[in-house]
1. Got a number for carbon plus sulfur as a percent of the range 107-248's accessible area, 1.4 Å probe?
2. What is the percent carbon and sulfur in the accessible area of the range 7-104, measuring with a 1.4 Å probe over the protein chains and ignoring ligands?
3. Find the eigenvalues of the gyration tensor of the Cα atoms of the range 7-104, then list the square roots of 5 times those eigenvalues as equivalent ellipsoid semi-axes, largest first, in whole angstrom.
4. Which order do ASP245, ASP44 take when ranked by solvent-accessible area (1.4 Å probe, heavy atoms of all protein chains), largest first?
5. Taking Rh as the Kirkwood radius, which is the inverse of the mean 1/r over Cα pairs, what is the Rg/Rh value for the chain?
6. With a cut-off of 8 Å between alpha carbons and a minimum separation of six or more residues, what is the relative contact order of the range 1-153 in percent?
7. Exposed loop trypsin sites (Lys or Arg not before Pro) only (DSSP loop, at most 14 other Cβ atoms within 10 Å): please give the longest stretch of the chain free of them, not including the sites.
8. In whole Hz, with x marking every Gly and Pro, tabulate ³J(HN,Hα) for the range 166-176 from phi via Karplus 6.51 cos²θ - 1.76 cosθ + 1.60, θ = phi - 60°.
Amino acid sequence: MPLPSTLHCAVVGNPIAHSRSPEIHHAFAKQFGLRVDYQRMLADPNDFADHVRAFFAQGGKGLNITVPFKETAFALATHHSPSAQLAGAANTLWLENGQLHACNTDGIGLVNDLTRLGFAPANQRILLIGAGGAAKGVLLPLLEAGAAHIRVINRSSLKAHALVEHIALHQPNYAARLDAGDLDTTNGVWDIIINATSSSLDQKNPLNQPIECSQHSLAYDMMYGAEPSIFMKDCVTYGATQCADGLGMLVGQAAQSFFIWHGLQPDTEPVLHDLRQRL
Ligand code: ATR
């Protein structure tokens, strides 16, 4: 019997050497005995589109896209998922009937991780800090998952208002469940507090003051590392009962890309556990 052919996948970015995606996808593939060869691809802004075209012309199955090409990837595709459409950015590309499709799987990765942690977004009051690419990618999936209310706060409050107004315009049914403000607009009691800023890269907490956490509350930092971030530690002192970093979201977004390309839903738990040991 002939061996099944290898499925070629890759992640494109700049820089790319740090990416954990190959090990995650190879671990998922192992669960199904699937032959997947998943590589890292370094691109420049002037050759990114050529890399994408060449990859699919050679029969590539799926591409993940990371910083700084998520917007360019979105623009290259002709078909977009609603979350990619809202974010104007894509982290997952594939060909279907010769057409380039784009999805943003960050949001579903986050929703699944919150659910795993016992904080399914349905009926939760969520404080989302940040209004850049990371926040844009998760806002619609959080609303679709049934969040009771989401407040987007950002250092530049204009960007937070613009994001919320953009959703209200395109998804008016969600408008009543959204508001926006600056980093001081934290009044209210919050069940889930999400840091979608890049502040943890500078070892900073984006919040200027303590916030009120509900009795069963989670502080979630989209960044991940061997140690809890300042944001996570501070939120525990504000009263958050649980905190988590974004490693589970990383594995979750990969799982959704894997599902899109291969039609198989991997078990994220053992892969997340292994990755955590090796941080
Ligand atoms: P990403 O794709 O990671 O979201 P981005 O689009 O550059 O990157 O957005 C970075 C986000 O982190 C923004 O919300 C930014 O706030 P501004 O829009 O006001 O710049 C936020 N950010 C970065 N460093 C921060 C800090 N030290 N404190 C608070 N917010 C910070």
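1. Details: 3120 of 6030 Å².
Answer for the range 107-248 is 52 percent, counting heavy atoms of protein chains only.
2. Numbers: 2420 of 4550 Å².
Carbon and sulfur together cover 53 percent of it.
3. They are 20, 15, 13 Å, listed largest first.
4. Numbers: ASP245 15, ASP44 70 Å².
Output order, biggest surface exposure first: ASP44, ASP245.
5. Details: Rg = 18.8 Å, Rh = 19.3 Å.
Rounded to two decimals, Rg over Rh is 0.97.
6. On the way: 260 pairs, mean separation 27.2, N = 153.
In percent, rounded to a whole number, it is 18.
7. Working: sites that count: ARG35, LYS204, ARG278.
Longest run free of exposed loop sites: 36-203.
8. Ordered by residue, 3J(HN,Hα) equals 4, 5, 4, 6, 8, 9, x, 5, 9, 4, 5 Hz.
The values are calculated or read from the model by the stated rules, or taken from the named source; none is laboratory data. On a predicted model such as this, the values are computed, not experimentally measured, just so you know. As a convention, Cβ positions derive from the backbone with ideal geometry for all residues, glycine included, and neighbour counts pool all protein chains shown. Side chains are part of the model used for accessible areas, which takes the heavy atoms of the whole protein and leaves out ligands, DNA and RNA. Shrake-Rupley method; radii C 1.70, N 1.55, O 1.52, S 1.80 Å.
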